[in-house]
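As structure tokens, the structure follows; a few thoughts come after it.
The values are calculated or read from the model by the stated rules, or taken from the named source; none is laboratory data. A quick note: this is a predicted structure, and the numbers were derived from the prediction, not measured. Cβ placement follows ideal geometry from the backbone for every residue including glycine, while neighbour counts extend to all protein chains displayed. Remember, those area values only see protein heavy atoms, side chains included, never the ligands or the DNA or RNA. Shrake-Rupley method; radii C 1.70, N 1.55, O 1.52, S 1.80 Å.
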Amino acid sequence: MHQIILEYLSNMEKVISGIRPTGNLHLGNYFGAVKSFVKMQEEYNCMFFIADWHSLTTHPTPENIRTSVRTILAEYLACGIDPQKAPIYVQSDVKQVLELYLYLNMNAYLGELERVTSFKEKARKQPDNVNAGLLTYPSLMAADILVHKADKVPVGKDQEQNMEMARLFARRFNRIYDVEYFKEPESFHFNAKAVKVPGLDGSGKMGKSEGNAIYLCDDEATIKKKVMRAVTDAGPTMLNQEKPEPIENLFTLMQLVSTPDTYDYFNDQYNNMAIRYGDMKKQLAADINAFCAPIRERILEYKSNEELLAKVAREGAEAAAASAEKTIREVREIIGFRN
Ligand code: TYM
């Protein structure tokens, strides 16, 4: 019986994805990534992880790391990831990733790493801390994915370039060693198009470091305050006018959390120049709260269950290490090392 299950799993496509533990999960993380994780666990051989090594680029304290890892674990569970279907592990529990990171780094070039947009952005934002980890962030991410020979990686739009690098490193490894070993992992989005959840400050994406995020654990009053402060304008001056970015962003959020009827109602109001942004924001805040409330309750429950969190991480680490160990042994052989 056990053998049959193992064979069945080994024929299923593999799915890997992770999130950095740099705070609480926000709506961008949920709609860009975690929502797909929850759906994919039903159909694929999935594992999801907490990318704590990646978070070191910004030098968190040991206490920061411990707390944030527990938080993301509890939030993964609260969002509906079932560790029986999709093991959840902490990246730093799977040391095989580091070995593959080293091998991939030997074939990753300064020029291409320096051209990655997120590297350039971070180097601009933190000029005093342009460390080598920041530069080689894409090779660590590629190692996370390739160490399990994953087929699909559910991620938001902002990770596209890192995914291209992962494919590039996979192809390059195969070429250098003249093997057909690594598959090129695809980014995966349920709606065919990558999701970019906007922030409430008028432009750009929702993000922790952008300071414009609504967190899954935010309470009703906080959500309302954040939404009511969202940037708007003086209203449309023509029928069916194209929406400027801050307004489009409110509608994008509404599309994610409200019913189609609610969305259509405010969209018609906008097109007829009858929109009252105050009403729209109140509705949006109420719908975000209705969406977050059950998750928020579960986050609190899981966070207080230290024993369960430790068990999930321990079992996840075992499953991930077994899969990674198989790959790393094969990679050593290919490169010419003994096992
Ligand atoms: P991170 O921690 O920045 O974000 C986690 C996931 O959330 C998505 N996301 C968004 N999607 C849509 N709209 C937004 N506003 C938004 N903000 C965040 C991200 O696209 C991501 O899917 N490098 C990764 C972590 C990582 C990883 C990996 C992911 C490390 N190794 C291997 C996949 C596979 C990161 O920093 O994600």
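If the condition is being near the ligand (Cβ under 8 Å from one of its atoms) and out of contact with any Pro (no Cβ under 9 Å at 6 or more places or on another chain), then region 11-24 contributes Gly18, Ile19, Arg20. Of the residues making up region 26-51, those that are part of a loop (DSSP other than H, G, I, E, B) and more than 10 Å from the ligand (Cβ to nearest atom) are Gln41, Glu42, Glu43, Tyr44.
For region 97-130, a residue qualifies if it is in a loop (DSSP other than H, G, I, E, B) and among the charged types (D, E, K, R), and exactly one does: Arg115.
Is it the case that Val69 is farther than 30 Å from Tyr302 by Cβ, at pLDDT 95 or above and surrounded by fewer than 22 Cβ atoms within 10 Å (Cβ to Cβ)? Against the criterion (farther than 30 Å from Tyr302 by Cβ, at pLDDT 95 or above and surrounded by fewer than 22 Cβ atoms within 10 Å (Cβ to Cβ)), Val69 does not qualify. Out of region 88-132, which residues are surrounded by fewer than 15 Cβ atoms within 10 Å (Cβ to Cβ) and touching a strand residue (DSSP E or B) at 6+ places or on another chain (Cβ under 8 Å)? If the condition is that a residue be surrounded by fewer than 15 Cβ atoms within 10 Å (Cβ to Cβ) and touching a strand residue (DSSP E or B) at 6+ places or on another chain (Cβ under 8 Å), then no residue fits.
Every condition in (1) within 15 Å of the ligand (Cβ to nearest atom); (2) among the aliphatic types (A, V, I, L, M); (3) more than 19 Å from the chain's Cα centre (by Cα) holds for Leu110 except the one numbered (1). Looking only at region 59-96, residues that are of a type in the set (S, T, N, Q), farther than 22 Å from Ser36 by Cβ and outside any helix (DSSP H, G or I) come to 1 in all.
Regarding Pro83, is this residue crowded, with 19+ Cβ neighbours inside 10 Å and over 15 Å from the mean Cα position of the chain (by Cα)? So Pro83 fits the description; yes. Testing Leu216 on (1) in contact with a Ser or Thr (Cβ under 7 Å, 6 or more places away or on another chain); (2) modelled with pLDDT of 95 or more, one condition comes back false. Which one is that? It is condition (1) that Leu216 fails.
Could you grab me the full set of residues in region 169-192 that are of a type in the set (D, E, K, R) and more than 15 Å from the chain's Cα centre (by Cα)? Before the answer, list the steps.
Pass one, region 169-192, residues of a type in the set (D, E, K, R): 171-172, 175, 178, 180, 183-184, 186.
Matches in region 169-192: Arg171, Arg172, Arg175, Asp178, Glu180, Lys183, Glu184.
Of the set (1) under 14 Å from the mean Cα position of the chain (by Cα); (2) open to solvent by less than 40 Å² (accessible area, probe 1.4 Å); (3) in contact (Cβ under 8 Å) with a residue 40 or more places away in the chain, all apply to Lys35 but (2).
If you go through region 162-173 and keep only what is open to solvent by 20 Å² or more (accessible area, probe 1.4 Å) and under 14 Å from Val331 (Cβ atoms), you end up with just Arg172. Leu102 meets all of the listed conditions (1) modelled with pLDDT under 95; (2) away from the ligand (no atom under 13 Å from the Cβ) but one, namely (1). When you go through Asp279, Asp233 one by one, which is the residue that is in contact with a Pro (Cβ under 8 Å, 6 or more places away or on another chain), farther than 25 Å from Val34 by Cα and among the acidic types (Asp, Glu)? So the residue among Asp279, Asp233 that is in contact with a Pro (Cβ under 8 Å, 6 or more places away or on another chain), farther than 25 Å from Val34 by Cα and among the acidic types (Asp, Glu) is Asp233. Considering region 135-161 alone, what residues qualify as being surrounded by 23 or more Cβ atoms within 10 Å (Cβ to Cβ), in contact (Cβ under 8 Å) with a residue 60 or more places away in the chain, more than 8 Å from the ligand (Cβ to nearest atom) and outside any loop (DSSP other than H, G, I, E, B)? Passing the criteria: only Leu146.
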